[in-house]
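Everything below concerns the one structure shown next.
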Amino acid sequence: MSKKLHVQTTINGKETELLCEARQSLLEVLRDDLRLTGAKEGCNNGNCGACNLMLDGRLVNSCLVMAPEIDGRKIETIEGMASAQGLHPLQQKFLEHAALQCGICTPGFILAAKAMLAKNPTPSEGDVRHWHAGNLCRCTGYDKIIRAVLDAAPACAGKCS
Amino acid sequence: MKNFSYYRPATVEQAVSLLENRFGNTELLGGGTDLHDLQKEYVSQPARVVSLGGIAQLQTVQVAEKSVTIGAGRTLASISEHPQLRQLFPALATAAGEIAGPQLRNMATLGGNLCQRNRCWYFRDEHSNCLLKSGSTCFALDGENKYHSVFTQGSRCVAVTPSTIGPVLIALGASVEVQNAAGKRLVEIGRFFKAPNANGEREHALASNDVVVAVQIPVQGLTNAHYEVRQKLSSDWPIVQAAVSFQGGRNGEKATDVKIVLGQVAPVPHVAQAAMRAIENQSITEQTAAAAGQAATQGAKPLSQNAYKLKLIEVAVKRALLLASGARPYWLA
């Protein structure tokens with residue numbers, strides 16, 4: 001069948017070259033080949049948001065992105081959020097509010113929150129709930145997550161683009 | 001998932017040249033939200049996938065005096081956020097902005113929305129050999145059919161049309177720019193959708209070597225709106241959808257040239273003729289809108305589990321008309 005495809009991409013600011021099969025998803029390439037296991041496989045069909053990441057600055061479900069489609073594009077994952085100075089304000093607020101239990105959905109929620117705050121730096125509670133409709137959490141009941149995102153918004157001003 | 005050869009043409013002409021004269025072996029890739037899912041479920045197993053992501057022409061939006069042209073590769077998010085589209089066609093911007101959640105709207109394209117496969121659970125189940133695969137039976141007819149058609153329109157497959165953009169575009173009188181090896185042509189959106197009834201058929205009337213290039217919407221000053229009934233506020237498929245457009249009809253003025261198109265109730269978008277007649281040349285009030293809603297159910301033949309949709313049709317039509325007329329949405333607190 002088909003040969004492996006050569007892909008050049010930028011992941012968390014680092015230029016990366018890789019070989020993939022056409023049938024691999026971006027999520028599979030990240031987790032299985034590049035060992036970036038921050039993005040999680042939940043439903044694997046676009047319902048749960050556990051595999052969320054940023055592709056050219058837009059939030060996407062990486063389980064539904066075909067790997068060869070990322071050639072020449074820019075990817076940001078949860079692994080790129082903390083800096084040498086410390087955690088990203090969203091990560092810090094998720095800790096302070098205990099907005100996670102098992103943690104599987106957390107990277108997806110944090111990426112979704114980052115994408116929302118880039119567009120809407122002063123969200124209402126309704127905005128946060130509406131925006132995170134594509135993220136499922138089976139532990140927390142969402143309340144702590146919503147509060148963590150609302151609390152992080154002021155600290156994120158100008159930093160979440 | 002079965003592996004496939006991946007192509008990324010730079011022009012529509014190149015994409016067309018890669019297609020075949022039957023569906024199934026070669027598939028077009030828009031945002032991937034439908035195709036990749038179908039491949040994982042082994043419902044679609046193409047040997048070749050032609051990505052449209054590298055074709056810049058499909059990304060343009062042109063707003064001219066008489067018509068607006070939206071490239072088929074535009075994402076639903078970019079349509080829902082486009083200031084001029086929001087102003088001219090609130091029905092379109094709202095419908096695009098209510099599909100799924102933000103991630104999927106960032107990926108899913110306009111062309112993909114129009115050409116996506118239906119969501120019937122028998123069709124989507126690898127092991128159910130339904131009418132649209134190589135079987136001879138529509139399992140929904142005697143099976144679990146609460147989300148299926150109430151206007152079956154004589155179709156043997158009773159899955160509902162999945163596109164919520166389709167009914168809106170019919171209400172707005174749009175046309176679809178289609179390209180194949182012979183050149184470009186315009187397909188009136190009312191003739192775009194077709195009920196599939198056998199293996200190898202699709203939910204649209206295009207051929208397997210056609211590519212949807214753009215959608216053209218005439219600018220006619222139509223008042224328009226869209227309303228959909230869902231079980232959840234967001235990230236959910238609608239159960240019933242109503243798209244409406246008309247001239248006038250605001251601030252007690254009479255509505256003329258009324259179009260009312262229903263989604264999620266039939267194998268193709270359903271033009272509710274009786275409802276259109278009921279409200280034509282009337283001013284839009286809760287009473288006239290409710291009467292149009294009742295008329296919209298005329299001719300319905302529900303299946304064993306979906307008679308409840310008739311009430312939802314009444315509600316959706318009434319609310320879409322009221323929204324378009326500028327009335328305050330009384331159903332929101």
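The values are calculated or read from the model by the stated rules, or taken from the named source; none is laboratory data. Remember, predicted model here, so these are calculated numbers, not experimental data. Note: ideal-geometry Cβ built from the backbone for every residue, glycine included; neighbour counts use all protein chains shown.
Structural remarks
- Cross-chain or 6+ apart pairs with Cβ under 7 Å, segment B:298-322 first and within 24 Å of B:Ala255 (Cβ to Cβ) and touching a residue at least 12 places away in the same chain (Cβ under 8 Å), then surrounded by fewer than 19 Cβ atoms within 10 Å (Cβ to Cβ) and among the aromatic types (Phe, Trp, Tyr): B:Arg319/B:Trp331
- Of all residues making up segment A:67-89, the number that are more than 15 Å from A:Ala39 (Cα to Cα) and buried (at least 23 other Cβ atoms within 10 Å of the Cβ): 3
- Answer from B:Lys232, B:Lys254 - the residue that is touching a strand residue (DSSP E or B) at 6+ places or on another chain (Cβ under 6 Å) and at negative phi: B:Lys254
Okay, residues lined up against (1) surrounded by fewer than 15 Cβ atoms within 10 Å (Cβ to Cβ); (2) farther than 22 Å from B:Leu312 by Cβ:
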| position | (1), (2) |
| --- | --- |
| B:His204 | no, yes |
| B:Asp210 | no, yes |
| B:Gly221 | yes, yes |
| B:Val240 | no, no |
| B:Gly263 | no, no |
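- Search result, residues across segment B:18-52 that are within 13 Å of chain A (Cβ to nearest Cβ), assigned to a loop (DSSP other than H, G, I, E, B) and buried (at least 21 other Cβ atoms within 10 Å of the Cβ): B:Gly30, B:Gly31, B:Gly32, B:Thr33, B:Asp34, B:Leu52
- Condition broken by B:Val244, with the remaining ones in (1) surrounded by fewer than 22 Cβ atoms within 10 Å (Cβ to Cβ); (2) among the hydrophobic types (A, V, I, L, M, F, W, C); (3) closer than 15 Å to B:Ala93 by Cα satisfied: (1)
- B:Gly73 vs. criteria surrounded by 22 or more Cβ atoms within 10 Å (Cβ to Cβ), within 14 Å of another protein chain (Cβ to nearest Cβ) and under 30 Å from A:His132 (Cα atoms): yes
- Test: residue in segment A:92-110 that is under 24 Å from B:Leu332 (Cβ atoms) and either surrounded by fewer than 14 Cβ atoms within 10 Å (Cβ to Cβ) or in contact (Cβ under 8 Å) with a residue 60 or more places away in the chain (or both): no
- Among the conditions (1) away from chain B (no Cβ under 14 Å); (2) in a loop (DSSP other than H, G, I, E, B), the only one that A:Leu95 does not satisfy is (2).
- Summed over segment A:12-51, residues that are surrounded by 21 or more Cβ atoms within 10 Å (Cβ to Cβ) and outside any loop (DSSP other than H, G, I, E, B) total 6.
- Residues within segment A:24-50 that are in contact with a strand residue (DSSP E or B) (Cβ under 6 Å, 6 or more places away or on another chain) and within 9 Å of chain B (Cβ to nearest Cβ), tallied: 1
- Output for segment B:80-112, where each listed residue is surrounded by 21 or more Cβ atoms within 10 Å (Cβ to Cβ), assigned to a helix (DSSP H, G or I) and more than 14 Å from chain A (Cβ to nearest Cβ): B:Leu85, B:Ala91, B:Leu92, B:Ala93, B:Ala95, B:Ala96, B:Leu110, B:Gly111
- Extreme residue, nearest to the other protein chains (Cβ to nearest Cβ), among residues of segment B:213-232 that are of a type outside the set (A, V, I, L, M) and not in a loop (DSSP other than H, G, I, E, B): B:Glu228
- Picking from residues in segment B:153-189 that are within 27 Å of B:Arg22 (Cβ to Cβ) and polar (S, T, N, Q), the one that is modelled with the lowest pLDDT is B:Gln153.
- Only one of A:Leu136, A:Leu100, A:Leu117, A:Leu59 that is in a loop (DSSP other than H, G, I, E, B), modelled with pLDDT of 95 or more, within 14 Å of chain B (Cβ to nearest Cβ) and out of contact with any Asp or Glu (no Cβ under 7 Å at 6 or more places or on another chain): A:Leu136
- Within segment B:23-30, the presence of a residue that is out of contact with any Pro (no Cβ under 9 Å at 6 or more places or on another chain) and either polar (S, T, N, Q) or without any contact (Cβ under 8 Å) to a residue 24 or more places away in the chain (or both) is excluded.
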